[in-house]
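Novice: Would you mind keeping the following structure in view while I ask a few things?
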C-alpha cells in the first residue's frame, strides 16, 4: 500500500468517525430538546388536570373521565398523580376512588402494555396494576406465566406473582407451592400481600410445605403476632430442618407467647449456635428465671460471640441481672466476656 | 539507521494492532452495556424498590466512613447519610488518627459521648483510642483510632459494626437517597447469594448541592473535572455493566459498595499493604469463592449513584491516578497465580488477564506509542503513514468510547438535564486525545514505578467539601 492510499484511508476513517459522532451528538441534542419540551407541555397539562383529580379524590366530586381519556400524556399524568395520592392517603373511601378511577381510565393502557415486546413496558404495567389493584386484569397477568412454570424465577415472573397476590388471585397459592428455589424474602413478599384466609389455607394444606415456603409462613405469622397460628408454630419446633426450628423459636419470641417453657432447655443446650442464641433471647424475654444458670454458663463459656451476647442481654432483663453481670465481669478471665457484660451493664437492665 | 527504522515501524504497527484489539473488546463491552441499558431504561425508578423501603426484611446495614483529615467534609457527609431512605442502619465514622479536627467536628455537631460498645476483633487493626455515640442521633458513631491507613480504618469499622452487611463509603461523597436500597436489592433478591454490590460513582463538581443532596446536576467548568465525568461514565457504564454480566467484575469502588461482612471476614478483611485495597479485596473474594467452589456473585448496578468530588488540578489528579495504577499493579502481583488457571473460571481466564493485558499494560503501550510518534516524526525514523495511522487509532480510541459512554448515560439515565450539558460533554470528549489521555497515561505508568518502589499514602486531595456548593 502506498503512502497516498494510507493517507486517504486514515482521512476517511477520521472523517467517518467525526461524522458519526457529530450526527449522534445532533441526534441526542434534538432528542433532549424534544423531551424537555414534552415534559414542559406535560407540566402545563398537569396543572390543568390535577385540580379536577383533586376534587374527585378528596371530595368525591364527579369527574368527566371522557376528558382524561384522549391521549398518552394525560394518562401518564393520571398515573403519576394517582400513585402520589396513594402514598399520601390511607382512608378507605379515598383509596377506593383512586382504584375506581384507575380501573376506568388506565385499564386499557395496561392491557396493551402487558402485550408489549418491551420488557420495561410490561414491568411498569405490572407494577401499576398492583398499585391500583386492577383486578379485572388478573387473567392477562396470569397469561404471562409459562404453563410449566415456575421453574426459574426471573424479574418479570416474580412481579407477575406479586401482582396476582396483591389482587388476591387464588391461583398464586398453587404457583408458590411449586417454587422450591424461591428465596424466603420473595415468598414473604407474596404472603404479606395475601388475605389471612389464604394463609390459613396454605397452613392447613398439609405438612409437606417446601422449606422456603414454611420459613416464609413462620416469618409472616411472627410479623402479624396473631395467636391463631400458634399450634402450627409449635409443631414446627420439631421439624427436621434446623432453619425451620430456629424460625419457629423466633416466631414465638416475636409473638410473645411460649406455651411450654420446659421445651426451652433442649434448645439452650443445642449443638446449633443459632438455636442456643434464640433460646437465650426467649429466656430473657419471658424472664424464665429457672434458666438463669444456663444463661450464665452460656455467657461464660459459649464458643459463639452472638450466643454470649444474647445470653448476657437475657440476664440483663432480670431484676438481679446487673448483679449477675457485674459478678461475671469481675470474675471472668475472658476478655470478650468482660466486654460483653460491660456493654449490657452500661446499658442498664430490665 | 535503516534497520532501526524498520524495527521502529514494526513496533508502531504492533501498537496499532494492539489498539485494534482493544477497540474490538471495548466495542463488545459497549454492545453488552447497550443491551442492558436499553432493556431497563424506561422502568419506573421507584416501583422496583417500593417494597424494600419499609420492609423488615431489608437487611440492616452498617455504613463505614473512613476519614483522614476530613474536617471540612465529614459533617455534611454524615448529614447527607442521615437523609437517605433505608429502614435500619448505623453510621460509623472511623477517624484514622487525623491531624485536623475531624473528630472534634463530629463530636460537637452530633453531641457525642463516650460509648462502651462491645467490639468483635474479626480483623487485627491499629488500636482504638475511643468510641463515641451521638446523643441526638443514636445510630451515629465515631471511632477514634491510631493511624493505619484507609484499609486499616475500614477493618476497624468492620470490627465495630453490628449488622451483617456493611457499606464502605468515602468521606467526601454524597449518596442519592434511594441508592442504598437499590444497591441492597440484588443481595435481597438473591437471598444472600450476591455477596458484594456496588453502584455508580459520578462527579459532583459542578452540581448544585443543598443540604447534603444533589439538587441540580450540571457538568463542571474545570477541564480536569469534566474529563473525569467522561472517564467515570466510560468506566462504569461500559466496563462494569458488561463485566458484571458474567460475574467477572474485579472492582467495586472504595467510594460506594455493600459487602456481606461474613465473607469479608473469611477473606481476612481489607489488605493494609496495598493502596488499591478496594480492588484487591474483590479479587481476593473471587479467589476465595472459586477455591471454596461457592456460587456467590459480585454485582454492579448502574442506577444507584454516589456523587464524589474529583481532583481539579493536575498535581492532585496525578497523585490519584498514580495511586490507582499502583493499586492495580499490586493486586495483579498478589493474585498472579490466578492468571490463566481454569480453576478460577472466568475471573482467572478472562477478567484478570484482561486487567493485565489491557488495563495495566495499556498505558505502557500507549506511552510507547506517543514517544514513537513524536520521536519518529521529529527524527524521521518512522514512516509518515505509520505515524498517521497511529494518530488515527489513538484519536479513534480516545473519543469513540468517551462519546459512546455519554450516549449510554443519556439513553439510560438522563442525569444531565440540559441539551448544552450534552454538547459540552461531547465537545470535551474530542479534546481527550490531545491532552488528558497522554497525561493520565504518563501518570499511570508512574503508578507502576511507584508499585515497584512501594510508596503508600492516603492521598492528600485538597477538599473543598462537596456540600459547600
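The values are calculated or read from the model by the stated rules, or taken from the named source; none is laboratory data. Predicted model only: the values in this text are computed from it and were never measured. Here the Cβ is made from the backbone with ideal geometry for all residues, glycine too, and neighbour counts use every protein chain on show.
Novice: State the number of residues belonging to segment B:405-425 that are under 20 Å from the mean Cα position of the chain (by Cα) and facing chain A (nearest Cβ under 9 Å).
Specialist: Of the residues in that region, 1 qualify.
Novice: Of these, B:302, B:267, which one is touching a helix residue (DSSP H, G or I) at 6+ places or on another chain (Cβ under 7 Å), surrounded by fewer than 23 Cβ atoms within 10 Å (Cβ to Cβ) and either at pLDDT 95 or above or at positive phi (or both)? Quick ask: steps written out before the conclusion?
Specialist: On the way: B:302 fails: either at pLDDT 95 or above or at positive phi (or both).
Exactly one of B:302, B:267 is touching a helix residue (DSSP H, G or I) at 6+ places or on another chain (Cβ under 7 Å), surrounded by fewer than 23 Cβ atoms within 10 Å (Cβ to Cβ) and either at pLDDT 95 or above or at positive phi (or both), namely B:267.
Novice: A follow-up question, please. With the structure loaded, tell me whether residue B:65 is surrounded by 17 or more Cβ atoms within 10 Å (Cβ to Cβ) and touching a helix residue (DSSP H, G or I) at 6+ places or on another chain (Cβ under 9 Å) or whether it fails that test. Walk me through how you get there before you give the answer.
Specialist: Values: surrounded by 17 or more Cβ atoms within 10 Å (Cβ to Cβ): yes; touching a helix residue (DSSP H, G or I) at 6+ places or on another chain (Cβ under 9 Å): yes.
The answer is yes for residue B:65.
Novice: To continue, here is another question. Residue check, residue B:27 against (1) under 30 Å from residue B:389 (Cα atoms); (2) in contact (Cβ under 8 Å) with a residue 40 or more places away in the chain; (3) under 28 Å from the mean Cα position of the chain (by Cα), all met but one. Which one?
Specialist: All conditions pass for residue B:27, except number (2).
Novice: When you check residue B:334 against the structure, is it away from chain A (no Cβ under 14 Å), in contact (Cβ under 8 Å) with a residue 60 or more places away in the chain, surrounded by fewer than 18 Cβ atoms within 10 Å (Cβ to Cβ) and closer than 30 Å to residue B:297 by Cβ, yes or no? Steps first, answer last, please.
Specialist: Values: away from chain A (no Cβ under 14 Å): yes; in contact (Cβ under 8 Å) with a residue 60 or more places away in the chain: yes; surrounded by fewer than 18 Cβ atoms within 10 Å (Cβ to Cβ): yes; closer than 30 Å to residue B:297 by Cβ: yes.
Here the answer is yes, as residue B:334 does meet what is asked.
For (1) within 15 Å of the chain's Cα centre (by Cα); (2) part of a strand (DSSP E or B); (3) closer than 18 Å to residue B:65 by Cα, each residue gets a yes or a no:
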| position | (1), (2), (3) |
| --- | --- |
| B:237 | yes, no, no |
| B:247 | no, no, no |
| B:251 | yes, no, no |
| B:283 | yes, no, no |
| B:306 | yes, yes, yes |
| B:311 | yes, no, no |
| B:324 | yes, no, no |
| B:331 | yes, no, no |
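Novice: State all residues of segment B:69-86 that are out of contact with any helix residue (DSSP H, G or I) (no Cβ under 7 Å at 6 or more places or on another chain) and not in a helix (DSSP H, G or I); if no residue qualifies, say none.
Specialist: Of everything in segment B:69-86, those that are out of contact with any helix residue (DSSP H, G or I) (no Cβ under 7 Å at 6 or more places or on another chain) and not in a helix (DSSP H, G or I) turn out to be B:72, B:83.
Novice: Select from segment A:112-127 the residues that are more than 8 Å from every other protein chain (Cβ to nearest Cβ) and under 25 Å from residue A:192 (Cα atoms) and write down the one among them that is surrounded by the fewest Cβ atoms within 10 Å (Cβ to Cβ).
Specialist: Residues of segment A:112-127 more than 8 Å from every other protein chain (Cβ to nearest Cβ): A:112-117, A:122, A:125-126.
Right, trim to under 25 Å from residue A:192 (Cα atoms) and you get A:114, A:122, A:125-126.
Details: A:114: 18, A:122: 20, A:125: 25, A:126: 27.
Selected residue: A:114.
Novice: What number goes with the only condition from (1) farther than 21 Å from residue B:135 by Cα; (2) within 13 Å of chain A (Cβ to nearest Cβ) that residue B:99 does not pass?
Specialist: (2)
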